[in-house]
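Step one of this worksheet: look at the structure below.
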Amino acid sequence: MSTQGQSPTNWIKCYGRASFQSVENREQTIVFGKMTPYVTLAFLVTSVFFKTIDGKKDDMLYCSACRAIVDELNFSISEVDPKKTINVGSFRLNPDGTLTDRKVPLARSETHITELLEEVCNKMSDYALHVDPDTEEKSYKRFAPRNDKSGFPDFKNFQFNGPEGSNSLKFACESMVEEYEDNIISLFTQETDGVADKLCNVISAHCKGSTYQHGEL
């Protein structure tokens, strides 16, 4: 900034304005830097949201989320001792007039399934985009082994695109749980077979007509 020919008063005014603008710019830079993670998250949520407006959801993403939910719940249920029971809060009157509290197996109780649903979407970080080497069909599949009961898959068929991929799957999972929670609980408390087909192909219809609807996760 040139100050030649300016009076001291004018020079001070100009310098003051420049200094104020400089501080203001620095403050804006600092604020923007702090907001960067939130801007990134907002962009991710927005990108997934626009896939769901007007009912036009990404069926590959939501089918994968649906089948992952079923797979994770089935595994968690299988880990529970079948002999464990839970009091469901109702009583049965015996012929001798005494009352017996009603108990059901813990594994498939409504209480247990509800608790599992609260955590199931956090497991989507164990999934990544998988490309079938024969059909080139894409779907999200689990790549992380469970408790040494399964080996590592062939990673060359997975596409690891950072947290964005698992976050998108988690978002779809949370949407599925929120929308179909009652259906999920009803299916898992009453049935043991065909849950994935009924939930993902019939009720939600996200896997209906897809070539990967019968694939294993």
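For this structure, a couple of remarks:
- Given LYS84/LYS123; LYS138/LYS198; LYS156/LYS208; LYS83/LYS198; LYS138/LYS170, the pairs whose alpha carbons are separated by over 19 Å: LYS84/LYS123; LYS138/LYS198; LYS156/LYS208; LYS83/LYS198
- Phi to ³J(HN,Hα) by Karplus 6.51 cos²θ - 1.76 cosθ + 1.60 over the stretch 164-175, Hz, x for Gly, Pro: 4, x, 5, 5, 5, 5, 5, 4, 5, 4, 4, 5
- Around ASP81: net Lys/Arg minus Asp/Glu count, Cβ-Cβ under 15 Å: +3
- Net charge of neighbours whose Cβ lies under 10 Å from the Cβ of ASP132, counting Lys and Arg as +1 and Asp and Glu as -1: -1
- With each label modelled as a point 7 angstrom along the Cα→C-beta vector, the GLU191-ASP154 pair spans 3.3 nm.
- Estimated FRET transfer efficiency when R0 is 35 angstrom, pair LYS103-GLU179 (beta carbons, to 0.05): 0.65
- For the stretch 157-197: rounded, prolate or oblate by the Cα gyration tensor [a/c cutoff 1.5]: oblate
- Calculated FRET value between LYS138 and VAL202, using beta carbons and R₀ = 25 Å, to 0.05: 0.65
- Nitroxide proxy distance, nm - points 7 Å out along Cα→Cβ at ASP126 and LYS84: 1.6 nm
No value in this document is a laboratory result; all are computed from the given coordinates. Computed from a predicted structure; not experimentally measured. Quick reminder, even Gly has a Cβ in these numbers, built from the backbone with ideal geometry, and neighbours come from all protein chains shown.
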